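A short reminder: the numbers here are calculations on the coordinates, not readings from a lab. Note that the coordinates shown come from a computational prediction; the quantities given were computed from them, not determined experimentally. Positions of Cβ are backbone-derived with ideal geometry, glycine not excepted, and every protein chain shown enters the neighbour counts.
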Amino acid sequence: MKKTLTALALSLSLASPLAFAVPTAQQVEQSMTQGNWQQADSQLSEVLSAHPKNAHAHYLYAQVLDREGRYPERLMEIRGTPYPPANTTPPTDTTPREEV
């Protein structure tokens, strides 16, 4: 019994890192090739959470956002600036203008 529990614990400890692995570029590109944009979006969200400076993931994510029709978010992704949450209003320019 003790050996079985030890073997089970060892197998779980070896398998657990695989359960938390982020999708590979090949997996994401396969989802995109198959036209599964929602899955690609989800996969890229995972990748970007784990690796926020991954330029290739940002590039792929901009393509997915374009295909999903999320153009403002796509533009922000291309520019490298975070898209503001939907419940915020954009800042207004309060700089006084000089009349000519």
Legend entry - Reference-scaled alpha-carbon Rg (2.2 N^0.38 Å with N residues) for the range 23-79: 0.99
Legend entry - Full-stretch length increase - Met76, Tyr59 - with 0.36 nm per residue and alpha-carbon distance subtracted: 5.0 nm
Inset, instruction - Pop a pseudo-label 7 angstrom from the Cα along the beta-carbon direction at both Ser42 and Thr24 and give the gap in nm to one decimal. - result: 2.0 nm
